[in-house]
Amino acid sequence: MSPLYIGLMSGTSLDGVDTVLVEFAEDTPSCIATHTEPYPASLRDALLTLCEPDAKVETMMALDRRLGEFYARQIRQLLAAAGVSPTRVKAIGSHGQTIRHLPDHPYPTTLQIGDPNTIAQRTGITTVADFRRRDMAAGGEGAPLVPAFHRAVFHRPGENRVVVNIGGISNITILPGDSDAAASGFDCGPGNVLLDSWAALHLQMPMDKGGAWAASGSVDEELLARMLRDPYFRTSPPKSTGRERFNLQWLQAHGRIDSAPPADIAATLCELTASCIATAIGHHAPQTTSILVCGGGIHNKTMMERLRHLTAPCPVSSTKDHGIDPDWVEATAFAWLAKRTLEGKPGNLPAVTGAQEAVVLGAIYP
Ligand SMILES: Nc1ncnc2c1ncn2[C@@H]1O[C@H](COP(=O)(O)OP(=O)(O)O)[C@@H](O)[C@H]1O
Ligand SMILES: [Mg+2]
């Protein structure tokens, strides 16, 4: 039997943690079991507070440990439900929860918490973590890291594909059909993060389920134009971003949100996401023949409808039609990245992150 790997992903949305148990035949993953656990409200609130600029180091340290325990419990549950012994699992790839991502700092750095020592100790499984900082040490943005996995599983000769991941932040991977052309990609801008924050404020809900609220409003074109003037959208890749830039304060700084009906703002935020993705594809991959979507944003029907409209006539499909459920692509990517690390193989794409070279990512906690 081939060894199994576990991927553990908790993204910018702070919606919770996705764990996936995967078997690999070479680079091709087969999903054996999955488990999603939303963060309990107290944990999510504590993490949101930690994302504020003035958070204390002691608070961060305690949460690092608390999250490690939480992640370890999710892995034990995943294995118990699948009836698989931890001894069959070669490694866990744990992304961790991003608390800061500062690629433009004079000392570029990024921080993902969820103590890997605790995960390894509680599960008895070798854990690979801290994937992003090695890429940064090599001069890269440390993000996005999923494009190498996208290339391994979704590249098809003769087809110019773009993989769009709509998490809290949205990112694209450009996979030219000409195998000699390098894959590229970058963070486009906000994915769901602004709409989630807006829904929390006005609906007391963590998201606009299905995009129904956004569908009930009308796009405020003036506000949309103001937001799209943010220099991030015009910056050339490599580039990556996070909650530090795209947050409620950023939205408030563009005005109009107190005067317009909240549903119109929701519609505008949905349009902003679809628009920054479509513009990124139009500028950087005009020859695209097929768009594959993954990440939680695929469940927002309004966002998907707008993306289809703005990228027409290019066909837009779910990664499910290409072998991997859209909700599990990122977690599977971190299982794959852990495998790469154990095999001593690079996990970053310098053309994506801007690193000087391809490097083996992460640290191994036996
Ligand atoms: N049924 C749904 N309707 C609308 N949006 C959804 C739905 N399910 C998930 N989402 C969106 O997807 C987000 C989670 O996506 P995910 O890919 O896990 O992002 P991240 O990697 O940032 O955690 C949620 O915060 C929400 O905005
Ligand atoms: Mg998530």
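Side notes on the structure shown:
- Counting only Cβ charges, +1 for Lys and Arg and -1 for Asp and Glu, the dipole size of segment 20-140 around its Cα centre is about 340 debye.
- Dipole moment magnitude, nearest 20 debye, segment 153-236 about Cα centre, only Lys, Arg, Asp, Glu C-beta charged: 80 debye
- Two-site label geometry, HIS309 and ARG234: point separation in nm, points 7 Å out along Cα→Cβ: 2.6 nm
- Unit charges at the beta carbon, dipole of segment 146-314: most positive-side option, VAL164, GLY255, ALA148: ALA148
- Whole-Hz ³J(HN,Hα) from phi, Karplus 6.51 cos²θ - 1.76 cosθ + 1.60, for segment 181-187, glycine and proline x: 7, 6, 6, 9, x, 5, 7
- Relative contact order (percent, whole number), segment 259-327, Cα cutoff 8 Å, 6+ residue spacing: 35 percent
- Stretched out straight at 0.36 nm per residue, the stretch from LEU48 to ALA182 would grow longer than its current Cα-Cα span by 44.6 nm.
- Ranked packing of 13-22, 74-83, most packed first, by mean Cβ within 10 Å: 13-22, 74-83
- Stokes-Einstein D (µm²/s) once Rh is taken as the Kirkwood radius of the chain over alpha-carbon pairs, at 4 °C in 1.567 mPa s: 63 µm²/s
- Sites matching GluC sites (Glu not before Pro) across segment 285-366 that sit in DSSP coil, with at most 16 neighbouring C-beta atoms within 10 Å: GLU343, GLU357
- Compactness check for segment 146-314: Cα Rg over 2.2 N^0.38 Å is 1.02.
- Length gained on full extension, HIS299 to ARG88: 72.6 nm, using 0.36 nm per residue less the C-alpha separation.
- Among 1-11, 189-199, the order from most to least packed when residues are scored by Cβ within 10 Å on average: 189-199, 1-11
- With the simple model of a label 7 Å out from the Cα in the direction of the Cβ, LEU203 to ALA80 spans 3.3 nm.
- Relative contact order, percent, the chain [alpha-carbon distance under 8 Å, six or more residues apart]: 22 percent
- The chain: calculated mean residue ellipticity at 222 nm from DSSP helix runs of at least 4, using -39500 (n - 2.57): -11500 deg cm²/dmol
- Ranked by the mean number of other Cβ atoms within 10 Å of their residues, highest first, the peptides 227-240, 210-223 come out as 210-223, 227-240.
- When the chain is treated as a Gaussian network with alpha carbon springs shorter than 10 Å, the biggest mean-square fluctuation among GLU58, GLU159, GLU141 belongs to GLU58.
- Amide H contacts of ASP327 (H built 1.01 Å from N, in plane; Pro and chain starts excluded): GLY295 sit under 5 Å, all sequence-distant by 5 or more or on other chains.
- With 0.36 nm allotted per residue and the present C-alpha distance subtracted, the SER2-SER259 stretch has 86.6 nm of extension available.
- Values of log10 I(q)/I(0), in the order q = 0.12, 0.25, 0.29 Å⁻¹, for segment 5-65 under a Debye, Cα-only, solvent-free model: -0.42, -1.02, -1.20
- Dipole size of segment 91-177 about its Cα centre, with +1 on Lys/Arg Cβ and -1 on Asp/Glu Cβ: approximately 160 debye, rounded to the nearest 20.
- FRET E, pair GLU221, GLU244, Förster distance 30 Å, beta-carbon r, rounded to 0.05: 0.65
- Backbone N atoms of segment 291-305 closer than 17 Å to the 7 Å Cα→Cβ label point of ARG156 belong to residues 291-294.
Values in this text are rule-based calculations from the coordinates and carry no lab data. Every value quoted in this text rests on a predicted model; they were computed, and no experiment measured them. Counting neighbours? That spans all protein chains shown, and the Cβs are built from the backbone with ideal geometry, glycine included.
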